[in-house]
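Peer 1: Here it is, the structure, as structure tokens.
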Amino acid sequence: MIQSSQSTPTVVDLSPADLAQAPNGTLLIDVRSGLEYFTGHAPGARNLSLPRLLLGLGVSRWFLPQWFRELPPDQPIAVICLTAHRSPIAARQLLKAGFTTVYNITGGMVEWRRLSL
């Protein structure tokens, strides 16, 4: 898996193929709406919509589901959306919230499906 060589955590872009080949342990968060998630998502992905994530990280952590509130800051997280428009926003907010290993899945679910992953 690609790692950032800088001491300050940064968002690292990963292709869907790179993520599919990565060792277990990276949590994949799908930041699309619940309806979008329901219509199809990457195996093992957890759904946490971008608006809910932003509210939870900005206004009150109680907007966030318990499973997310319990994550340690060193938990590797990969973020995916439909076309990689929303996921970079979510990834930057996760870094600001103190997570140290954050990946943005380039191409989103469109690319995931194109590759038949």
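Peer 1: Send over a whole-number figure in Å² for the accessible area per residue of the stretch 18-68, probe 1.4 Å. Write out the running numbers ahead of the final one.
Peer 2: Details: 2930 Å² over 51 residues.
So the stretch 18-68 comes to 57 Å² accessible per residue, rounded to a whole number.
Peer 1: Starting with the highest mean, order 22-35, 74-87, 57-70 by the number of other Cβ atoms within 10 Å, averaged over the residues of each peptide. Don't skip to the answer; put the middle values down first.
Peer 2: Values: 22-35: 16.2, 74-87: 20.1, 57-70: 12.3.
Order by mean packing, descending: 74-87, 22-35, 57-70.
Peer 1: Tell me the label-point distance for the pair S7, E36, using the 7 Å Cα-to-Cβ offset, in nm and rounded to one decimal.
Peer 2: Going from the S7 label point to the E36 one covers 3.7 nm.
Peer 1: Let me check against my output: what whole-number percent is the relative contact order of the chain, with C-alpha pairs under 8 Å and at least 6 apart? Don't skip to the answer; put the middle values down first.
Peer 2: Numbers: 201 pairs, mean separation 39.3, N = 117.
34 percent.
Peer 1: Next up: Taking all protein chains in place and a 1.4 Å probe, what share, in percent, of the accessible surface of the chain do carbon and sulfur account for?
Peer 2: Carbon and sulfur: 55 percent of the exposed surface of the chain.
Peer 1: Using modelled amide H (1.01 Å from N, peptide plane; none on Pro or chain starts), what sits under 5 Å from the amide H of L14, excluding residues fewer than 5 places away?
Peer 2: The list, which skips near neighbours in sequence, is N104, I105, T106.
The values are calculated or read from the model by the stated rules, or taken from the named source; none is laboratory data. Being a predicted model, the structure only gives us computed values, none of them experimental. Here the Cβ is made from the backbone with ideal geometry for all residues, glycine too, and neighbour counts use every protein chain on show. In case anyone asks, the SASA skips ligands and DNA or RNA and just uses the protein heavy atoms, side chains included. Shrake-Rupley method; radii C 1.70, N 1.55, O 1.52, S 1.80 Å.
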